[in-house]
Amino acid sequence: MIKHSATLAINEKIAQRRARGETVVHLGFGEAGIPVLPEAAEVLASAASRTDYGPVAGSEDLRTQIAGYFDRRGRATHPEQVLPAPGSKALLYALIQSLPGDVVLPRPSWVSYAAQAALAGKKTIWVDIPRDAGGVPDPGKLQHRLDEARRHGADPGILILTIPDNPTGTVAPAATVEAVCRIAAANGITIVSDEIYRDLAYDATSFCTPADFLPDRTFVTSGLSKSMALGGWRVGFARVPATDEGAAVRDELIGVASEVWSNMATPMQEAACWILSEPPEVSAHVARARTLHRSVSLGVHEIFRSAGAVARTPAAAFYQYPDLGSFETALRRRGVTGAEAVSDHLLETYGIGMLSGAAFGDDPAALRFRVATSLLYGSTTEERWRAMESADPLELPWIRSALDRLGDALADLSIDSEGADREWERV
């Protein structure tokens, strides 16, 4: 049975608590948290009367703009190499379904990859991430795991990478990506590169796509859910290699699309055309968002670090992956063991919502957690705009309050239960 997505489930759980008047610091859901660019909303509104079904493969204008998006990022692309869809999540599943072989995943990785593999009737082969960054398997362990998987009857054929990464908020360095690509090529494995966070890398020069090293075997997915915070608009797109195999897979994806989602909503195609042409308003909006994400994410990272947690420094978007292993003794004395129990304890006792690493395929005994900082920006459109425009968003009252609550909770959490624990109550 496929369970309710852990990220969506915690978001709904926290919404219910807030509806009851509870204060919860929401660090559990990767919604980008910035307001809609008014000009984009105007384009969408002007297309609201478009109720016609469009082509399954998307309009020619939209495919041209998607191709231009990749062109400007150094990957020459023809409009016939791309396919839009209602969200990149649908495209990821369609690729898993359409490409041959079982699925190789970095551990930890985004919650939906393994679930989608199961939906497609495919096995998941986990490979631990390296020390420097997530989103890719450790090159030193990858070949061994592939050989081991084959001995146990698996057929590794698809390797999913996430660059920049969710859940760790890091960007895999070029040398690591290249090493992984060499192993994939030697084993006849196709790469699916989830690049939904590409435009939110704090240092654009740090980003490296596997298409640079394995262009004929790399399929790329992206969209507007993160860079433009348009998750509810459901705008995704994929790029296939400029090969006969790429064209054949694209045809199969169109076949899947024709039976599952028909086409991306026509008004959304109009809005996506304008956004993907990247006028100055869009570029400025993404740049402001990136600055906000960086400021708040690094601020939260410092709180975890100061409390004794260990975590890779965030390099993109709004995620981090702290390890609270140093708290284990104190937690055991409270009768709290394992990541899921700690996650429940944080929410019930302190009003801190964050997901355990177990949801991302990690060892459930390890005290690692995915923290998403983007919903700290505000609960209203006005607050979010103020956060976008602030020179020091960490000192905005609603953000500072959340950060202080997190810091106090971590300080209390690490105290031996025989000590003088802080009294907590809901507000």
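No value in this document is a laboratory result; all are computed from the given coordinates. Treat the numbers as computed from the prediction; the structure is a model and nothing was measured. Reconstructed Cβ throughout: ideal geometry from the backbone, glycine too, with neighbour counts over all protein chains shown.
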Over the Cα atoms of the stretch 186-338, compute the convex hull volume and normalise it per residue, giving Å³.
-> 192 Å³
Cα gyration tensor, the stretch 120-254 - rounded (a/c under 1.5), prolate or oblate = oblate
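For the stretch 9-101, state the average projected area of the convex hull of the C-alpha atoms over all orientations, rounded to one decimal in nm².
In nm², the orientation-averaged hull projection of the stretch 9-101 is 10.3.
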Taking Rh as the Kirkwood radius, which is the inverse of the mean 1/r over Cα pairs, what is the Rg/Rh value for the stretch 112-196?
-> 0.94
Sorted by mean Cβ packing within 10 Å, highest first, what order do the peptides 178-189, 159-170, 250-261 take?
-> 159-170, 178-189, 250-261
Per DSSP H run of n ≥ 4, the term is -39500 (n - 2.57); total these for the chain, divide by its residue number, and report the mean residue ellipticity at 222 nm rounded to 500 deg cm²/dmol.
-> -13000 deg cm²/dmol
Per-bin percent of Cα-Cα distances, the stretch 103-150 [5 Å] | 5, 24, 29, 22, 16, 4, 1
Taking the Cα atoms of the stretch 249-290, what is the range of coordinates along each of the three principal axes, in descending order and whole Å?
-> 38, 22, 15
For K122, list the aspartates and glutamates whose Cα falls under 15 Å from its own Cα; do not include residues on the same chain fewer than 8 positions away.
-> D102, D155
For K226, list the lysines whose Cα falls under 20 Å from its own Cα; do not include residues on the same chain fewer than 8 positions away.
-> K89
Can you tell me the Rg and the Dmax, both Å, for the Cα atoms in the stretch 269-330?
-> 17.3, 55
Mind listing the phi-derived Karplus ³J(HN,Hα) values for the stretch 364-379, rounded to whole Hz, using 6.51, -1.76 and 1.60 with θ = phi - 60°, and x for any glycine or proline?
-> x, 7, 7, 8, 10, 9, 8, 10, 10, 9, 6, 8, 7, 5, x, 9
When all Cα-Cα pair distances of the stretch 37-173 are considered, the percent exceeding 17 Å is 70 percent
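Convex hull over the alpha-carbon atoms of the stretch 366-406: what's its volume per residue in Å³?
On the way: hull volume 3.1 nm³, N = 41.
Spread over its residues, the Cα hull of the stretch 366-406 gives 77 Å³ apiece.
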Please say if the chain is rounded, prolate or oblate, where rounded means a/c under 1.5 for a ≥ b ≥ c the square roots of the C-alpha gyration tensor eigenvalues, and otherwise the choice is prolate for a/b larger than b/c and oblate otherwise?
-> oblate
Apply the Debye scattering formula to the stretch 339-423, with a single equal point scatterer on each alpha-carbon and no solvent, then give log10 I(q)/I(0) at q = 0.13 Å⁻¹.
-> -0.54
Gyration tensor on Cα atoms of the stretch 311-365, a ≥ b ≥ c root eigenvalues, a/c under 1.5 rounded, else prolate if a/b beats b/c, else oblate, says prolate
Lysines with Cα under 20 Å of K13, excluding same-chain neighbours fewer than 8 positions away = K3
Could you grab the relative contact order for the stretch 100-189? Cα pairs under 8 Å, six or more apart, rounded to a whole percent.
-> 33 percent
